[in-house]
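A.B. asks: Mind looking over this structure? Questions follow.
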Amino acid sequence: TWGLLSLSLMLRSAQAAAVAVTRAVSRAASSAGTLTEASGKLGTPGRSAVAGVRVVVFGNTGFLGRYVVNKLGQIGAQVVIPYRGDEHDYRHMKLMGDLGQIVPVELDARSPKAIREVVDGADVVVNLVGINAETRNWSFVDTHVHLAGAIAEAAADAGVDRLVHVSHMAASAQAPSAFLRSKAAGEAAVRRAFASATIVKPASLIGIEDQLLNKMGEFAKNFEFLPLVGDGSATIRPVTVGDVASGIVRAIDDRAAAGQDYYLGGEAMTRRELSEYVFRLIRCEPRFVPVPVKAMAGLGSIIEKFPNAVLTEDQVLSQTASETIPAGAKTFDDLNLRVTAIEPLALQVLRRYRPPRV
């Protein structure tokens, strides 16, 4: 009995000491204003450090989410990863931080109370939630406006220090697609609830698991041509997913980023030029079939009625919107980051679609 009591007291003392150290490191981080300066205050610098900062990342199981969680894990932040599915959705992220630093929490995303409980005690909240096609359960407005607003309201009510909301570079109330209009409405909802939120507006993302180069490369390999929506003149600024993840972490890191918008994109090109680039990397003769917007949108409206649709009407309309950076807008430069050239990563993605004869 005395042994158990002594063990219990020791565990409580250790727990109290850990909490005290974490709070001390958190205060050090707050005074320094950066996560990176706090990293390594306790433990080996890197994933085994204790930065004393608790970050909740909504949308962590998506394409961008895993990269953001990994970047945060590298500097010793404790990362809470709310999820709606099962353990297969998040288990690969458990290795991105030291023991106890990656914390999965089951979430009912339609419950404001559940969202409030998840963000309670957090220093930073990052919202990456997004869909590129509507479902019977989640519309664009539900996901990008109502849920984004609910997360911002919960963060404000919980006294969270920083909120980073991820939108899209082409988001606009006048955009041709419902996806982009809902993204713009979501930004407004976040601003109303959390005025000092940082809004990150990335261009089209590329990476090993992307839905841009992979789709184009596979289509070009299978059919030996690429369709061009309209004349393919819309501007696109492909940017690596790793660069955007670094930008998000840097925005968290910099207190001057509070209340700012950041446009994160790469070198500008037209969609036709991107298609030519894809053909060049897969070593095939470029062949294009220009398709009028209305005709392509009509095809998308038919395809989207089938399960696991590879194209929707709204996705076609999104391709007619240009990704532009307004004059004077904040970019990677304002976060002291250099944009990585897309060539090495694009080659890594597209070389698998080269014909066997090449």
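The values are calculated or read from the model by the stated rules, or taken from the named source; none is laboratory data. These numbers come from a predicted model, not from an experiment. Virtual Cβ from ideal backbone geometry, glycine too; neighbours counted across all protein chains shown. Just the protein is used for accessible areas: all its heavy atoms, side chains included, with ligands, DNA and RNA removed. Shrake-Rupley method; radii C 1.70, N 1.55, O 1.52, S 1.80 Å.
A.B. asks: I need the strands (runs of 3 or more DSSP E) fully contained in the stretch 185-295, keeping only those with at least 1 residues that are β-branched (Val, Ile, Thr) and over 30 Å from Ala148 (Cα atoms).
C.D. replies: Values: elements: 198-202, 226-229, 261-264, 288-291.
Per the criteria, 226-229, 288-291.
A.B. asks: Could you please let me know if Ile75 is closer than 23 Å to Ala51 by Cα and open to solvent by less than 50 Å² (accessible area, probe 1.4 Å)?
C.D. replies: Numbers: closer than 23 Å to Ala51 by Cα: yes; open to solvent by less than 50 Å² (accessible area, probe 1.4 Å): yes.
Yes; evaluated as a whole, the condition is true for this residue.
A.B. asks: Answer with yes or no whether Ser182 is at negative phi and surrounded by fewer than 23 Cβ atoms within 10 Å (Cβ to Cβ). So that I can check it myself, show each step before the final result.
C.D. replies: On the way: at negative phi: yes; surrounded by fewer than 23 Cβ atoms within 10 Å (Cβ to Cβ): no.
In short, no.
A.B. asks: Could you please give the count of residues in the stretch 97-110 that are modelled with pLDDT of 90 or more and either open to solvent by 30 Å² or more (accessible area, probe 1.4 Å) or among the β-branched types (Val, Ile, Thr) (or both)?
C.D. replies: Residues in the stretch 97-110 being modelled with pLDDT of 90 or more and either open to solvent by 30 Å² or more (accessible area, probe 1.4 Å) or among the β-branched types (Val, Ile, Thr) (or both): 7 in total.
A.B. asks: Pairs, please: C-beta under 6 Å, at least 6 apart or cross-chain, first residue open to solvent by 20 Å² or more (accessible area, probe 1.4 Å) and in the stretch 188-213, second among the aromatic types (Phe, Trp, Tyr)?
C.D. replies: Correct list of pairs: Glu209/Phe63.
A.B. asks: Let me ask something else about it. Can you tell me which residues in the stretch 125-139 are open to solvent by 10 Å² or more (accessible area, probe 1.4 Å) and of a type in the set (A, V, I, L, M, F, W, C)? Reasoning before the result, please.
C.D. replies: Start the filter on the stretch 125-139 by keeping residues that are open to solvent by 10 Å² or more (accessible area, probe 1.4 Å), which leaves 128-139.
Answer for the stretch 125-139, where residues must be open to solvent by 10 Å² or more (accessible area, probe 1.4 Å) and of a type in the set (A, V, I, L, M, F, W, C): Leu128, Val129, Ile131, Ala133, Trp138.
A.B. asks: Same structure, new question: List every residue pair whose Cβ atoms lie under 6 Å apart, where the two residues are 6 or more positions apart in sequence or sit on different chains, the first residue falls within the stretch 330-358 and is of a type in the set (Lys, Arg), and the second residue, located anywhere, is surrounded by 11 or more Cβ atoms within 10 Å (Cβ to Cβ).
C.D. replies: Lys330/Gln260; Lys330/Tyr262; Arg354/Ile282; Arg354/Arg283
A.B. asks: For the stretch 157-178, check the following and say yes or no: at least one residue is among the small types (Gly, Ala, Ser), under 18 Å from Ala258 (Cα atoms), touching a Lys or Arg at 6+ places or on another chain (Cβ under 9 Å) and not in a helix (DSSP H, G or I). Working first, answer last.
C.D. replies: Residues of the stretch 157-178 that are among the small types (Gly, Ala, Ser), as a first pass: 158-159, 167, 170-173, 175, 177-178.
Still in the list and also under 18 Å from Ala258 (Cα atoms): 158-159, 167.
Now restrict to residues that are touching a Lys or Arg at 6+ places or on another chain (Cβ under 9 Å): 158, 167.
Among the residues that remain, those that are also not in a helix (DSSP H, G or I) are: 158, 167.
The answer is yes; a qualifying residue exists.
Quick grid of which residues meet (1) open to solvent by 50 Å² or more (accessible area, probe 1.4 Å); (2) under 14 Å from the mean Cα position of the chain (by Cα); (3) not acidic (Asp, Glu):
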| site | (1), (2), (3) |
| --- | --- |
| Phe223 | yes, no, yes |
| Leu228 | no, no, yes |
| Gly232 | no, no, yes |
| Ala251 | no, yes, yes |
| Arg255 | yes, no, yes |
| Leu264 | no, yes, yes |
